[in-house]
Amino acid sequence: MNDGFKQLKPYLDKAMAVQAALVLFEWDDATLAPKAAGANTSRVIEILSGEYFQAVTGEETKALVKECLENPEGLKETEMAQVKELEDQIEQLDCIPREEYQAFARLSSESVRLWEKAKEEDDFGGFAQTLQKVVDYQKKFAGYRAKEGQKKYDALLEGYEKGFSMKELDQFFGMLREELVPLLKKVMESKASIQDDFLTGDFPEEKQEELGRFLAEYVGFDFEKGVFSVSAHPFTTNLHNKDVRITTHYSRRVDSSLFSVIHEAGHGIYEMGIRDDLTQTLLGQGTSMGMHESQSRFFENIIGRSKDFWIPIYGKVQEIFPDPFEKISLDTFVRAINKVHPDLIRTEADELTYSLHVLIRYEIEKALIEEDLDVEELPRIWADKYEEYLGIRPKTDKEGVLQDIHWSQGSFGYFPSYALGSAFGAQIYYHMKKILDFEGLLRQGKVEVIREYLRENIHQHGKMKTTRQILKDMTGEDFDPRYYIRYLKEKYTALYQIAD
Ligand code: ZN
């Protein structure tokens with residue numbers, strides 16, 4: 001083993017161990033921990049975060065990274081990739097003065113609390129000043145991170161989706177606006193009526209759980225390496241490739257929990273598929289936010305909302321919920337789970353309107369960072385854009401600008417990943433249709449062939465490959481958003497019988 005790397009390894013191992021502990025606290029906090037534990041647990045988390053920061057950016061670590069880069073003889077490919085990843089993380093953190101970093105950490109935990117309260121009380125005014133401070137910090141940090149000539153918002157995007165700049169995203173979202181807004185209008189004007197009232201009702205939680213577990217396992221979530229629980233907002237977290245955890249939530253809409261489970265199982269399958277020699281290293285995670293979301297949304301929508309997927313298993317739905325599904329045909333069920341319903345809330349959006357929710361957030365956060373848009377203006381701009389793109393206008397801030405946690409935490413540049421992920425998924429889908437009998441496999445209940453292909457080409461590599469490399473190596477093409485538009489057009493013109 002390379003001598004520098006041998007000395008660096010204990011620091012990396014420590015960082016990974018501390019990270020695993022942090023993840024476990026995060027999971028516990030969202031699922032099982034008693035309410036009163038919060039403040040005391042925060043102290044533990046603060047100390048552990050400091051330890052992680054020290055292991056990654058400490059003077060010894062930095063000196064050893066330099067040593068490895070100057071004397072790379074004998075470094076294996078995966079070791080070199082770890083050193084480079086570490087160099088990257090150091091760059092991101094090290095340019096920020098420690099006092100400012102800590103001051104922001106305090107501000108953001110305060111800000112999340114105030115956001116929760118403001119959302120509950122539907123009072124944006126009570127939160128605006130704090131949010132402005134968060135925005136100002138993020139602009140400052142982006143300024144520290146930006147390379148020469150780089151725009152601030154581009155520097156923030158790098159943190160979530162490396163290799164995608166505002167220039168490309170402007171084109172991407174411009175295309176979505178031009179193509180999807182008119183398509184949505186046609187869908188809403190169409191005479192096709194889609195019945196979905198039967199999806200709402202008294203569905204006992206234990207029955208929803210039974211079906212959720214069945215679906216997670218059916219798409220390939222391995223319960224030997226994963227667990228399933230309940231939390232207010234569904235999420236996935238992982239300690240390593242043999243400990244992956246997903247949650248769901250239950251409501252009167254049965255499809256809400258079922259598709260959450262398939263979505264989170266998609267995230268989980270990605271993490272379980274990472275190679276053993278990469279897990280518990282800096283490379284042992286999905287390569288980007290967008291690629292992660294491409295996998296969860298691929299399982300949820302492209303696979304999970306197709307008729308072929310349900311052909312072998314619709315009987316299971318009817319067996320668990322004879323009322324109402326014994327009387328509902330498979331076709332009626334599939335049409336219902338694909339119904340377009342412009343809604344104010346992003347997380348409840350259908351597949352067609354979803355990216356329009358993201359488009360709105362993209363335009364606004366770009367203006368906040370690049371054009372000094374005043375935070376006070378947000379509720380009005382938000383409502384105007386919803387009216388323009390989705391044809392609905394929020395009456396409260398709770399259903400408007402206060403609905404998402406992201407900005408309160410200082411996560412600017414995160415939202416685009418959700419739309420990009422959907423677009424990556426569509427590109428992957430059209431590629432797979434060329435080389436596999438995609439629909440036929442689903443009809444025969446062979447999801448594992450599709451999953452195995454994704455594992456081979458995407459999941460196993462962790463962060464060894466970038467998103468662009470993965471797309472290129474798999475499909476032979478660079479990222480092309482036209483596949484996504486084509487997918488939505490084909491799907492919804494057929495469903496709503498619209499002449500194209
Ligand atoms: Zn997701």
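The values are calculated or read from the model by the stated rules, or taken from the named source; none is laboratory data. Given the structure is predicted, the values throughout are model-derived calculations rather than measurements. Counting neighbours? That spans all protein chains shown, and the Cβs are built from the backbone with ideal geometry, glycine included. Please note that ligands, DNA and RNA were not included when accessible areas were found on the heavy atoms of the full protein model with its side chains. Shrake-Rupley method; radii C 1.70, N 1.55, O 1.52, S 1.80 Å.
Points worth noting:
- Residue 33 meets each of the listed conditions (1) over 23 Å from residue 22 (Cα atoms); (2) in a loop (DSSP other than H, G, I, E, B) apart from (1).
- When 104, 124 are checked against the criterion of being open to solvent by less than 30 Å² (accessible area, probe 1.4 Å), closer than 24 Å to residue 380 by Cα and of a type outside the set (A, V, I, L, M), 124 stands alone in meeting it.
- Some residue of the range 275-284 being away from the ligand (no atom under 15 Å from the Cβ) and among the β-branched types (Val, Ile, Thr): yes
- Tally, over the range 1-47, of residues that are small (Gly, Ala, Ser) and open to solvent by less than 40 Å² (accessible area, probe 1.4 Å): 7
- The single condition among (1) closer than 21 Å to residue 153 by Cα; (2) in contact (Cβ under 8 Å) with a residue 40 or more places away in the chain that residue 94 does not meet is (2).
- Qualifying residue in the range 461-475 (condition: among the hydroxyl-bearing types (Ser, Thr, Tyr) and open to solvent by 30 Å² or more (accessible area, probe 1.4 Å)): yes
- Options 388, 399; residue that is within 22 Å of the chain's Cα centre (by Cα) and either in a helix (DSSP H, G or I) or more than 16 Å from the ligand (Cβ to nearest atom) (or both): 399
- If you go through the range 82-91 and keep only what is over 16 Å from residue 4 (Cβ atoms) and either in contact (Cβ under 8 Å) with a residue 60 or more places away in the chain or open to solvent by less than 60 Å² (accessible area, probe 1.4 Å) (or both), you end up with 88, 89.
- Filter result for the condition that a residue is open to solvent by 20 Å² or more (accessible area, probe 1.4 Å), within 14 Å of the ligand (Cβ to nearest atom) and not aromatic (Phe, Trp, Tyr), over 319, 271, 293, 300: 300
- Filter result for the condition that a residue is away from the ligand (no atom under 14 Å from the Cβ) and aliphatic (A, V, I, L, M), over 311, 262: 311
- Qualifying residue in the range 233-243 (condition: of a type in the set (Phe, Trp, Tyr), surrounded by 15 or more Cβ atoms within 10 Å (Cβ to Cβ) and either farther than 24 Å from residue 349 by Cα or more than 16 Å from the ligand (Cβ to nearest atom) (or both)): no
- Residue count for the range 48-81 satisfying the condition of being under 23 Å from residue 462 (Cα atoms), of a type in the set (A, V, I, L, M), part of a helix (DSSP H, G or I) and open to solvent by 20 Å² or more (accessible area, probe 1.4 Å): 3.
- Check on residue 306, without any contact (Cβ under 8 Å) to a residue 24 or more places away in the chain, closer than 30 Å to residue 185 by Cβ and surrounded by fewer than 23 Cβ atoms within 10 Å (Cβ to Cβ): no
- First in the range 355-373 and more than 25 Å from residue 422 (Cα to Cα) and free of Cβ contacts under 8 Å to residues at least 40 places away in the same chain, second anywhere and in a helix (DSSP H, G or I) and open to solvent by 10 Å² or more (accessible area, probe 1.4 Å), Cβ under 6 Å, 6 or more apart: 373/367
- Exactly one residue out of 425, 445, 440, 462 is at pLDDT 95 or above, farther than 30 Å from residue 117 by Cβ and within 16 Å of the ligand (Cβ to nearest atom): that is 425.
- When we screen 229, 256 for residues that are at pLDDT below 95, hydroxyl-bearing (Ser, Thr, Tyr) and either away from the ligand (no atom under 16 Å from the Cβ) or more than 25 Å from residue 416 (Cβ to Cβ) (or both), the only hit is 229.
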